[in-house]
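J.: If you scroll down you'll find the structure; I have some questions about it.
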Amino acid sequence: MKIYKYILPLFFLALISSCENMDQEMSDDELIQAIIESDNRISVTKNEIPKTAITSLNFKMPDEVIRYAELAPELGFEIEMKSWDFFDFELDYERNDNQYFTTKGRELESTKGNKDDWGDKKDQDGKDNNKKRGPCFKFVYPISYTMADSSIISGNNRKEIHSQMKAYFEKNGKTRENKPRLNLPIQVLTLDDTKKVWTKDILSPDDLRTLWELCKKSKKEDSDKKRD
């Protein structure tokens, strides 16, 4: 009996130590995947994110804001960024660059592929397991925007357009009144359940709104499923 008296405390100390050092025992890729696959993620506010993580985001993405943040307890945070805080930017829907941090605020670095790729949102059998990340759709470039002063901003990718808009807003100010208007018609690329890429025509603002709603609905369903 005496031996158990000493072994049990040591066992519990080892267990606690193991939980506290989980992020050190797993690779960043493994920890990111564990965060994505967590079934008990909870929404958190900016104030609930470690200051070191906020500092890292401010340094890495100084002109962007947090769209949403979720915490997978004992694992870490997943944070989705958006380009502007005063309007919804269509090109944000093709992003695939969510940011990940440990519970203590250390940034997690993924070694997997190009962040502009589709990612691997669906399994090879075509089933959406809600455990992967990827763009909702992609634009067929070039595309252009008409600004409030009737000037045109165009580009061959999201970064080109974002850079020009940043310069425009620095000069003209950020208000809802000078929100840019995406020039239609355009085409977008979407991924079906079998991972086949399809081209879809967006001919009117109604088509664009329908596409947006599908993206928002998909994200809401993913979030709801994690809470069921």
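The values are calculated or read from the model by the stated rules, or taken from the named source; none is laboratory data. Bear in mind the structure is a predicted one, so any value in this text is a computation, not a measurement. Cβ coordinates were reconstructed from backbone atoms using ideal geometry, including for glycine residues, and neighbour counts include every protein chain displayed.
J.: Identify the residue in segment 151-196 that is touching a residue at least 60 places away in the same chain (Cβ under 8 Å) and touching a Leu at 6+ places or on another chain (Cβ under 9 Å) and, among all such residues, is nearest to P62 (Cα to Cα).
T.: Restricting to residues being touching a residue at least 60 places away in the same chain (Cβ under 8 Å) and touching a Leu at 6+ places or on another chain (Cβ under 9 Å), the top hit is H162.
J.: Could you identify the single residue in K226, K220 that is farther than 23 Å from E64 by Cα and at pLDDT below 90?
T.: On the way: K220 fails: farther than 23 Å from E64 by Cα.
Of K226, K220, the one residue that is farther than 23 Å from E64 by Cα and at pLDDT below 90 is K226.
J.: For segment 166-181, which positions are in contact with a strand residue (DSSP E or B) (Cβ under 6 Å, 6 or more places away or on another chain) and of a type in the set (A, V, I, L, M, F, W, C)?
T.: Let us first name the residues in segment 166-181 that are in contact with a strand residue (DSSP E or B) (Cβ under 6 Å, 6 or more places away or on another chain), namely 180-181.
The answer is none; no residue qualifies.
J.: Could you check segment 133-225 for strands (runs of 3 or more DSSP E) lying wholly inside it with 2 or more residues that are among the hydroxyl-bearing types (S, T, Y) and either exposed (fewer than 15 other Cβ atoms within 10 Å of the Cβ) or over 22 Å from the mean Cα position of the chain (by Cα) (or both)? Lay out the reasoning, then the answer.
T.: Details: elements: 143-146, 152-155, 186-191, 197-202.
Correct list: 143-146.
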